[in-house]
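Nothing in this text is a laboratory measurement; each read-out follows from the coordinates by a stated rule. Keep in mind that what you see is a predicted model, and the values were worked out from it rather than measured. With ideal geometry, Cβ positions are generated from the backbone for all residues, glycine too; neighbour counts draw on all protein chains shown.
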Amino acid sequence: GWEAPIEIVKDGNRRYYRYSDPKFSIDNVQLSEAQLKQLQSSLDLVKTFAGLPQFESLNDTFAKIGLMTYNTEVEPCVSLDHNEYVEGQRHIPKLFNAIQYQTVVEIKYKPFDKEPAEYKFHPQFLKQYNNRWYIFGITDDNPDQIWNFALDRIQNIKSTKLPYKKIDVEWGTYFEDIIGVTNYVDKPVEEVHFIVHGKSAYYIKTKPIHESQIARWIDKEDNTLDVKLNVKINPELEHLLLSYADSITILSPQSLINRHIEALKEALGRYVEEEKKSLIV
C-alpha cells in the first residue's frame, strides 16, 4: 500500500530485496487528499477528549498533521456534546492518574449547601453525566460505602502515601439500574409508569430514557405514548421527568407522583409570588 520502489537483486542462489531509490522512505510518502481529509476528521474528533491525560501526547501529533495538511482545507464535520467551561475539569488528569497508579488522594470538597470537608479518598472510576464529571470511590472513614464527588465542587486535591484499596465493583453493572450517578444501594428497582403527550412522545420514543424502557403508542395520531421503566428512583430521574413536566402524567409509583406534584406546586408558587409583586409595584 506504500507503493515502495522495491527491486530484487540476485547474488548467485541468493536474492535480496531493496529500494531502487536509496532515498525512499515510507515516512516521506505523501498521503492522498482523501486520506488527509479522513485523517484530519478523525483527529478533530479525538481533540474532543483534550482534557484527558492519556491524550496529552497527541498535541505534538496534531502539530505534525497540521504541517502535513497545509495544502488541504478540511472543515470539521463532527461535534460532540462537550462543555469546556464546566468547572472542575482541571481535576481530571490528577484523578485519572490516581486511578491508574492506585494513589490515595486528599480531597477538599464543598457541597452547595454545606461547609468544606476533607476526605482521604481512594478514587476508582470517572464518569460524565449531563456535561458534569464525577469521581467514584471510597473514603478511609467509610470504606464500605461507594461515594461520588462532583468535580466542580472539589476545591483541592493532594496525593498521599497511604495504602490504596481497590474495590471489587463491575461499574457497568453498578450503573445498570439508574439514570445518572446516584445509586442508593439499599433501594429496590421499581416500575416507573407514565404517559407522554404531544411532540415529546416522539423524542422519548426515539431516544429512550433508560435501556429498560418499554414504550407503546396509545394513540399515535394524538401523540400519546405509554412508557414503563425499571429503575431505582433517584434525583436524576426526578429532575429528568420534571424537564418534561408539561408533557407527562406519572401513573406510578405513588411516592414519585407525590414528589413530582410537590415540585410543580413549588414552581407554580414562585410564579404566583412574582405576579403578586409585579401587581403591587
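A few comments on the model shown:
- Proximal lysines relative to LYS199, as straight alpha-carbon distance under 25 Å, when same-chain residues fewer than 8 apart are discounted: LYS207, LYS220, LYS228, LYS265
- Whether region 183-281 is rounded, prolate or oblate, judged on the alpha carbon gyration tensor where a/c under 1.5 counts as rounded: oblate
- Shape class of region 91-136 from the Cα gyration tensor (axes a ≥ b ≥ c, square roots of the eigenvalues): oblate, since a/c reaches 1.5 or more and a/b does not exceed b/c.
- Measuring between alpha carbons in the structure, the pairs from LYS120/LYS161; LYS166/LYS187; LYS94/LYS120 lying more than 18 angstrom apart are LYS166/LYS187.
- At an R0 of 51 angstrom, the distance between the Cβ atoms of TYR164 and GLN35 translates into a FRET efficiency of 0.70.
- In this label model, THR139 and GLU262 are separated by 2.5 nm, measuring between points 7 Å along each Cα→Cβ vector.
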